[in-house]
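Visitor: I have a structure here, written as structure tokens, and I will follow up with some questions on it.
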Amino acid sequence: MHAKSFYTQIWTDLQNKNGWEGELINKKKNGELFYTALTITKTENKDQSSTYYIGVMKDISKDKQLEKEVQEQKVLFEAMFKSSKDGIALVGLQSNFLKVNEAYTELTGYTQDELLQKSCIGMSIPEDVERTKNAIKIVIEKGFVENFEKKCYTKTGVLFTVSMSFVMMPDHKSILITAKNITQEVLLRDELKKQRREYKQLMKLASDGIFILNLDGKLIECSQRASTMLGYSMEEIKNLAVYDWDVAHTPEEAIQHVRNIPNEPISFETKHKRKDGTTYDAAIVAVKIDIDAQEYVYTSVRDITEEKKAKEELKNAEHKFHTLFEESHDGIVLLNLNTKKIIEFNTKALEMYGYTEEEFKKLSPTDLDILRTEEQIRQMHLELIENRGSYRFVTQHKTKEGKVLDIHVHLRVLEIKEEKVLVATLHDISEEKRLEKVLIEAKEAAEKAAQLKSGFLANMSHEIRTPLNGIIGINTLLLKTPLNEQQHDYLKKSLHSSKLLLALINDILDYSKIEAGKLELSVHPFSLEEALHSVSGLFEYSIVQKGMEIHIDFDPSIPDRMEGDSLRLSQILNNLVGNAVKFTEHGDIVIRAKKVDYHGDNICIECSVSDTGIGMTEEELERLFHAFTQTDASNTRKYGGTGLGLAISRQLVEMMKGKIWV
């Protein structure tokens, strides 16, 4: 299978070199070519008379085929090494670069010569050095490491992320590295992770219920709020479909409704049913979305039950307000504080001032108020805005015809549609003012008449008491002269009647002085305990005559000496004890004094008189302290009295800044 010259050269070599060694291409009987390694050795017999050639042949076809494949792999490797868009490098077992392709230089920014002076480990950021060393170690032990990510700096200092795969070369003296810049991929991956975290957080914390449904209405995913709204656990709700909670539609309608949701968001309202059977009004925003080439429906659901209820209540409130506004007996005017324009008023306001609607809209507060200047009104409005309170005052307004009205004004500031509005309620009190004036004049006339009456009574009582004291004195002296029994009885009755008349005149005089404002308290030091014993002593004879007893219960914490009007205090106690003796036939009478409160130099003491007498009804108690009144007319006939005692006592107690009750 070789040329004739090839064989001629073999023969020449045998002659000159005593041998030949080489490869031959041979053909088998069947025509198949094969390679052989041929070694020919020249040899002679002992006498050198004959020359022999010994040839040894070996079939090397397989070796040649393997060699061919190796060469082809080398060519292929070199082609891939040079043309690959990924960085490829050959490094020693210490990670030093032995060979790099152009893509690796573009990845790092270094030239081939610069990279051959560096190592794979050395180009790692400090945080990744140990990880890279461990990766090289694993490659040496196991032969490969895949998808190893680390960060590196380019020659210009730009940080990038690279994904590397390491493979031990057959000679076990070098490692092949493929490197791909995945910086953008990592950013996208991190962004995806962030979005997934945010999505999970949204699904967990969203205030509205979020449902993701397939086009058959089956629930694919939902937020925590969605399950809470329906009353299911997250595990239970996974097996539900839209028709399990949408009670406004049949299952078929609900599914069809889901399928009809467009690619643009739409809003609608429906009614949902909870696990426990209760329902709520739901406001829904729905849109069709694509996830991994599959169509789904995203819905955001809000429970608007309370919102609808509030709207209905607001509507009712607005209706009530409008009704009250129009039917109010007072004029109501709304003024925009920014524009100073009247924006609304009721019919009553028009009636009060006599203007038409168009005329009234053009008015300002100064057109109505005749007592306040524009600056005073402006200042009042500013104070109302600042304090956000209300303001009441009485002023005078002028009607269209010029009539002056007395007006009670109530102003308050409200915020309506982000505008500060002054609400003025105007109550016409002209008639009330007229009546008030009439009443004041009548009151002044009555007070003047009362003063004249009280003065007359005081003077007359004084004039009557002088001769009456003379009669009492003469009767007392006559009783000491010798008299027969009938004369003594007449004089005794005359003396008793005179004393009763004197007591009545004294009561009338005291009452008149109090009414006329001429009675004054005389404050001086005294002993309360002594005053109580003095009062008790005055009635001791009468009490013994009835077979009763009188007791004094005195609080020891009460000071021994105090300042006050002991005479008027004794007068009050005499009246109370006198009534107790008068209306009690048997039993005991108790006078008590108890300290109630102490403030600095002032002490509050409760004095009481209790008895076991005939008692009183609730109706009688109401009339007890009224002047010229007794609880029962029959008592007057039986026990006597004017009905002034307790009335005088009440007024004396009030003059002492106290109170009296039963």
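Visitor: Could you say whether any residue in segment 486-496 is in contact with a Leu (Cβ under 6 Å, 6 or more places away or on another chain) and in a helix (DSSP H, G or I)? Walk me through it before giving the result.
Guide: Of segment 486-496, the ones in contact with a Leu (Cβ under 6 Å, 6 or more places away or on another chain) are 491.
The next check asks that each one be in a helix (DSSP H, G or I); those that pass are 491.
So far as segment 486-496 goes, yes, one or more of its residues are in contact with a Leu (Cβ under 6 Å, 6 or more places away or on another chain) and in a helix (DSSP H, G or I).
Visitor: Tally time: how many residues in segment 158-187 are farther than 14 Å from Tyr104 by Cβ and within 53 Å of the chain's Cα centre (by Cα)?
Guide: The total comes to 9.
Visitor: Could you tell me whether any residue of segment 178-188 is more than 29 Å from Ser233 (Cβ to Cβ), open to solvent by less than 90 Å² (accessible area, probe 1.4 Å) and in contact with a Phe, Trp or Tyr (Cβ under 6 Å, 6 or more places away or on another chain)?
Guide: Yes: segment 178-188 contains one or more residues that are more than 29 Å from Ser233 (Cβ to Cβ), open to solvent by less than 90 Å² (accessible area, probe 1.4 Å) and in contact with a Phe, Trp or Tyr (Cβ under 6 Å, 6 or more places away or on another chain).
Visitor: Tell me the residue from Thr299, Thr347 that is open to solvent by less than 90 Å² (accessible area, probe 1.4 Å), touching a residue at least 40 places away in the same chain (Cβ under 8 Å) and not basic (Lys, Arg), please. Walk me through it before giving the result.
Guide: Working: Thr347 fails: touching a residue at least 40 places away in the same chain (Cβ under 8 Å).
When all the criteria are applied, what remains is Thr299.
Visitor: Just to be sure I understand the filter: pairs with C-beta atoms under 8 Å, separated by 6 or more residues or on different chains, first member in segment 198-215 and touching a residue at least 60 places away in the same chain (Cβ under 8 Å), second member surrounded by 12 or more Cβ atoms within 10 Å (Cβ to Cβ) and of a type in the set (Phe, Trp, Tyr). Which pairs pass?
Guide: Note: pairs meeting the criteria are Ile210/Tyr298; Phe211/Tyr298; Ile212/Tyr296; Ile212/Tyr298; Leu213/Tyr296; Asn214/Tyr296; Leu215/Tyr296.
Visitor: On the basis of being under 40 Å from the mean Cα position of the chain (by Cα), surrounded by 15 or more Cβ atoms within 10 Å (Cβ to Cβ) and more than 30 Å from Leu435 (Cα to Cα), does His381 make the cut?
Guide: Working: under 40 Å from the mean Cα position of the chain (by Cα): yes; surrounded by 15 or more Cβ atoms within 10 Å (Cβ to Cβ): yes; more than 30 Å from Leu435 (Cα to Cα): yes.
Here the answer is yes, as His381 does meet what is asked.
Visitor: Show me the strands (runs of 3 or more DSSP E) found entirely inside segment 514-625 where at least 1 residues are of a type in the set (A, V, I, L, M) and touching an Asp or Glu at 6+ places or on another chain (Cβ under 7 Å).
Guide: Details: elements: 524-526, 549-554, 562-564, 588-599, 602-610.
Result: 549-554, 588-599.
Visitor: Let me ask something else about it. Would you mention how many residues in segment 7-32 are assigned to a helix (DSSP H, G or I) and surrounded by 12 or more Cβ atoms within 10 Å (Cβ to Cβ)? Break it down into steps so the answer makes sense when it comes.
Guide: At the first step, the residues of segment 7-32 found to be assigned to a helix (DSSP H, G or I) are 7-17.
Still in the list and also surrounded by 12 or more Cβ atoms within 10 Å (Cβ to Cβ): 9-11, 13-14.
Qualifying residue count for the region: 5.
For every residue, the table says whether it meets (1) within 30 Å of Val158 (Cα to Cα); (2) open to solvent by less than 80 Å² (accessible area, probe 1.4 Å); (3) small (Gly, Ala, Ser).
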| site | (1), (2), (3) |
| --- | --- |
| Lys194 | yes, no, no |
| Gln201 | no, no, no |
| Lys204 | no, no, no |
| Cys222 | no, yes, no |
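Visitor: Provide a single number: the residues in segment 392-404 that are open to solvent by 10 Å² or more (accessible area, probe 1.4 Å) and either assigned to a strand (DSSP E or B) or out of contact with any Gly (no Cβ under 9 Å at 6 or more places or on another chain) (or both).
Guide: Selection size over segment 392-404: 8.
Visitor: For segment 150-178, how many residues meet the condition of being within 19 Å of Val100 (Cα to Cα) and part of a strand (DSSP E or B)?
Guide: The qualifying residues number 18.
Visitor: Let me ask something else about it. Mind counting the residues in segment 406-435 that are farther than 21 Å from Glu344 by Cα and touching a Lys or Arg at 6+ places or on another chain (Cβ under 8 Å)? Walk me through it before giving the result.
Guide: We begin by selecting, within segment 406-435, every residue farther than 21 Å from Glu344 by Cα; these are 406, 429-435.
In the following step, the residues that additionally are touching a Lys or Arg at 6+ places or on another chain (Cβ under 8 Å) were identified as 406.
Looking only at that region, the number is 1.
Visitor: Please work out which residue is most open to solvent (accessible area, probe 1.4 Å), limiting yourself to segment 96-141 and to residues that are among the small types (Gly, Ala, Ser) and either under 23 Å from His172 (Cα atoms) or in contact (Cβ under 8 Å) with a residue 60 or more places away in the chain (or both). Break it down into steps so the answer makes sense when it comes.
Guide: First pass over segment 96-141, keeping only residues among the small types (Gly, Ala, Ser): 103, 109, 119, 122, 124, 135.
Add one more test, that the residue is either under 23 Å from His172 (Cα atoms) or in contact (Cβ under 8 Å) with a residue 60 or more places away in the chain (or both), and what stays is 119, 122, 135.
Details: Ser119: 34, Gly122: 61, Ala135: 5 Å².
So, considering only residues that are among the small types (Gly, Ala, Ser) and either under 23 Å from His172 (Cα atoms) or in contact (Cβ under 8 Å) with a residue 60 or more places away in the chain (or both), the one most open to solvent (accessible area, probe 1.4 Å) is Gly122.
Visitor: Now for a different question. Would you pick out the residues in segment 416-430 that are in contact with a strand residue (DSSP E or B) (Cβ under 7 Å, 6 or more places away or on another chain) and farther than 16 Å from Tyr391 by Cα? Break it down into steps so the answer makes sense when it comes.
Guide: Our first condition is that a residue be in contact with a strand residue (DSSP E or B) (Cβ under 7 Å, 6 or more places away or on another chain); within segment 416-430, this holds for 419-430.
If the condition is that a residue be in contact with a strand residue (DSSP E or B) (Cβ under 7 Å, 6 or more places away or on another chain) and farther than 16 Å from Tyr391 by Cα, then Glu419, Asp428, Ile429, Ser430 are the ones that fit.
Visitor: Of all residues in segment 586-613 being surrounded by 12 or more Cβ atoms within 10 Å (Cβ to Cβ) and over 60 Å from the mean Cα position of the chain (by Cα), which is nearest to Ser649 (Cα to Cα)?
Guide: Going through the qualifying residues, I end up with Ile591.
Visitor: Which residue out of Leu528, Leu538, Leu502 is hydrophobic (A, V, I, L, M, F, W, C) and within 19 Å of Ile660 (Cβ to Cβ)?
Guide: Values: Leu538 fails: within 19 Å of Ile660 (Cβ to Cβ); Leu502 fails: within 19 Å of Ile660 (Cβ to Cβ).
Checking each option against the conditions leaves just Leu528.
Visitor: Here is a further query. Would you mind finding the one in Asn387, Asn338 that is surrounded by fewer than 12 Cβ atoms within 10 Å (Cβ to Cβ), on the phi < 0 side of the Ramachandran plot and in contact (Cβ under 8 Å) with a residue 24 or more places away in the chain? Don't jump to the end; show me each part of the working.
Guide: Working: Asn387 fails: in contact (Cβ under 8 Å) with a residue 24 or more places away in the chain.
Unique residue meeting the criteria: Asn338.
Visitor: Out of (1) under 30 Å from Ile289 (Cα atoms); (2) touching a helix residue (DSSP H, G or I) at 6+ places or on another chain (Cβ under 8 Å); (3) modelled with pLDDT of 85 or more, what's the single condition that is false for Lys204?
Guide: Failing condition for Lys204: (3).
Visitor: Also, quick follow-up: For segment 405-422, state whether one or more residues are open to solvent by 60 Å² or more (accessible area, probe 1.4 Å), modelled with pLDDT under 80, on the phi < 0 side of the Ramachandran plot and not in a strand (DSSP E or B).
Guide: No, segment 405-422 contains no residue that is open to solvent by 60 Å² or more (accessible area, probe 1.4 Å), modelled with pLDDT under 80, on the phi < 0 side of the Ramachandran plot and not in a strand (DSSP E or B).
The values are calculated or read from the model by the stated rules, or taken from the named source; none is laboratory data. A quick note: this is a predicted structure, and the numbers were derived from the prediction, not measured. Note that we place each Cβ from the backbone using ideal geometry, even for glycine, and neighbour counts take in every protein chain shown. What goes into the accessible areas is simple: the full protein's heavy atoms, side chains included, and nothing from ligands, DNA or RNA. Shrake-Rupley method; radii C 1.70, N 1.55, O 1.52, S 1.80 Å.
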